[in-house]
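Structure, as structure tokens:
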Amino acid sequence: MKKTLLEIPSKPRRSASIIGTGSYLPERILTNADLEVLVETSHEWIVERTGILERRIAGEKEFTSHMAAEAAKAAIENAGITVEEIDLILVGTITPDTVFPSTACHVQRLIGAKNATCFDVNAACSGFLFGVEIANQFISNSTYDTVLVIGADKLSSIVNWKDRNTCVLFGDGAGAAILRSRPDSRGIITTHMGSDGNYADILHMPGGGCAIPITSENIDSDLNTLQMNGRETFKQAVTSMMRAANIVLDRCGLTPQDIKCVIPHQANIRIIEAMADRLEVPMSQFHINLDKCGNTSAAAVAIALDEAARSGRFETGDLLLLVVFGGGLTYASSIIEW
Ligand code: ACO
């Protein structure tokens with residue numbers, strides 16, 4: 001007999017928790033001294049203006065999906081699940097292996113997650129946290145039980161190695177998290193996400209899409225490389241990350257002092273210092289790895305989260321604040337009960 005709408009059981013609402021993390025960094029280290037050979041710069045300038053000492057660079061045949069798959073395998077092991085349990089794979093990236101298929105589909109093939117639906121999230125450096133919130137929504141409404149979220153970028157493939165304004169800032173890597181509902185934890189308590197397309201051209205790669213297709217002329221004009229207005233990006237990064245952080249803190253009735261560990265986007269130590277100053281918390285409350293990794297774009301906050309979790313910086317029940325910023329503009333913040 002045909003069921004009435006009232007007889008169809010509604011799905012339970014639940015929140016998602018991060019139950020495992022993993023990360024991967026390529027072997028090759030590019031130091032500031034190495035960059036001094038490539039462009040007119042100095043170790044002192046890079047350290048003073050950015051805080052970066054070195055960054056990792058992926059091999060020529062090492063793609064975003066390879067780094068993402070390694071981070072994913074570590075997260076799967078850390079979570080103690082099987083790969084077949086993964087229902088959804090989300091990859092935040094702006095350096096996909098191919099325009100299509102998505103990098104998430106490449107990762108699915110590499111790790112054998114045959115039961116997963118896969119797609120990429122294009123939100124530049126905010127891609128991982130956007131992915132975490134998309135996962136949270138799918139888990140909350142019971143569409144999926146187990147989601148693998150990855151932030152992975154091979155920025156070395158789109159950096160203009162002749163441009164000292166940008167080439168000193170970036171590195172390659174991947175970080176991953178497994179999300180699932182956990183009855184003993186509130187997990188992701190709240191998230192704020194935002195974008196402002198009016199600032200699209202302060203940080204972008206103009207070529208490679210349908211507006212400026214790949215032609216030898218466009219490649220010769222460096223249109224297929226990352227371009228950035230550094231000062232404006234700096235200003236927008238501080239403003240939007242501060243706004244996003246305050247929104248989620250206010251929503252939960254928390255002060256910055258209630259947070260055990262802040263995990264910010266790893267772009268520039270001075271951006272993080274400006275945030276610490278405005279939030280009135282010591283720098284020691286922030287987890288920072290940009291000195292060793294540079295800015296790894298969508299991977300940055302994911303790698304930092306994995307490092308911080310594995311080093312025991314926080315325990316079950318502690319509150320974390322994740323806050324990111326990226327091209328688009330995009331920005332996001334999340335308060336998470338670990
Ligand atoms: N070595 C030496 N000198 C340099 C270098 C370099 N690598 N790069 C720039 N300079 C020079 C500039 O040419 C300029 O010289 P000029 O005064 O003769 O014109 C001078 O240094 C100062 O340049 P500024 O741009 O004013 O330097 P600033 O202190 O702003 O630092 C920086 C530049 C590091 C890029 C900073 O603006 C910054 O970090 N911005 C934000 C970057 C960011 O967050 N990007 C990514 C976020 S999102 C994502 O990751 C996708």
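The values are calculated or read from the model by the stated rules, or taken from the named source; none is laboratory data. Since this is a predicted model, take the numbers as computed values, not measurements. All Cβ positions, even for glycine, are placed from backbone atoms using ideal geometry, and neighbour counts span all protein chains on display. Keep in mind that these areas ignore ligands, DNA and RNA; they rest on the heavy atoms of the full protein, side chains included. Shrake-Rupley method; radii C 1.70, N 1.55, O 1.52, S 1.80 Å.
Between the helical axis of 230-252 and the dominant principal axis of the chain, each derived from Cα atoms, what acute angle in degrees is found, rounded to the nearest 10? Helix 230-252 sits at roughly 20 degrees to that axis.
Taking amide H positions as modeled 1.01 Å from N, with prolines and chain starts lacking one, the residues under 5 Å from THR117 and 5 or more places away or on another chain are LEU88, ILE89.
By definition, a body whose alpha carbon gyration tensor gives a ≥ b ≥ c is oblate when a/c is 1.5 or more and a/b is not larger than b/c, and the stretch 87-131 fits this oblate description. Here the Karplus curve 6.51 cos²θ - 1.76 cosθ + 1.60, taken at θ = phi - 60°, turns the phi angles of the stretch 142-153 into couplings of 6, 5, 10, 9, 10, 10, 9, 10, 10, x, 8, 8 Hz, with x standing for Gly and Pro.
Take every pair of alpha-carbon atoms less than 8 Å apart whose residues are at least six positions apart; their mean separation over the length of the chain yields a relative contact order of 25 percent. A 1.4 Å probe run over the stretch 51-105, with the rest of the protein chains in place, finds 41 Å² accessible per residue. Evaluated with a Cβ-only charge set (Lys, Arg +1; Asp, Glu -1), the chain carries a dipole of roughly 1020 debye about its Cα centre, given to the nearest 20. Go ahead and run the numbers for FRET between ARG270 and ARG28, Cβ-Cβ distance against an R0 of 25 Å, rounding to 0.05. For ARG270 and ARG28, the calculated efficiency is 0.40.
Computed from label points 7 Å out along Cα-Cβ, the spacing between GLU48 and GLU217 is 4.3 nm. The angle separating the long axis of helix 300-310 from the principal Cα axis of greatest extent in the chain is about 60 degrees. On the basis of the beta-carbon distance and an R0 of 22 Å, ARG182 and ARG243 show a calculated FRET efficiency of 0.15. For the chain, the number of Lys pairs with C-alpha atoms closer than 21 Å, counting only pairs eight or more positions apart or on separate chains, is 8.
Here the average projected area of the convex hull drawn through the C-alpha atoms of the chain stands at 19.2 nm². Just the protein heavy atoms count here, and of the accessible area of the stretch 17-180 at 1.4 Å, carbon and sulfur take up 51 percent. Overall shape: prolate for the stretch 174-233, with the ratio a/c of the largest to smallest alpha carbon gyration tensor axis at 1.5 or above and a/b above b/c. Selection among ASN295, ILE335, VAL324 by position relative to the dipole of the chain gives ILE335 as farthest towards the positive end (Cβ unit charges, Cα centre). Based on a Kirkwood Rh over C-alpha pairs, give the Stokes-Einstein translational diffusion coefficient of the stretch 17-180 at 20 °C and viscosity 1.002 mPa s in µm²/s. Estimated diffusion coefficient is 131 µm²/s. If I model the stretch 188-337 as equal point scatterers sitting on the Cα atoms and use the Debye formula, what is log10 I(q)/I(0) at q = 0.09, 0.13, 0.19 Å⁻¹? Here the Debye-derived log intensity ratios amount to -0.32, -0.61, -1.13.
When a 1.4 Å probe is rolled over the protein heavy atoms, the share of accessible surface on the stretch 188-337 that falls to carbon and sulfur comes to 49 percent. Report the FRET efficiency, 1/(1 + (r/R0)^6), for ASP145 and THR316, where r is their Cβ-Cβ distance and R0 is 25 Å, rounded to 0.05. That pair, ASP145 with THR316, gives E of 0.75. Computed about the Cα centre, the dipole magnitude for the stretch 17-180 is approximately 200 debye when only Lys and Arg (+1) and Asp and Glu (-1) carry charge, each at its Cβ.
From most to least packed by mean Cβ count within 10 Å, the peptides 125-135, 175-185, 47-57 give 125-135, 175-185, 47-57. Computed from Cα atoms, the angle from the helix 64-79 axis to the main principal axis of the chain rounds to 40 degrees. Using a probe of 1.4 angstrom and keeping all protein chains present, the accessible surface of the stretch 188-337 works out to 42 square angstrom per residue.
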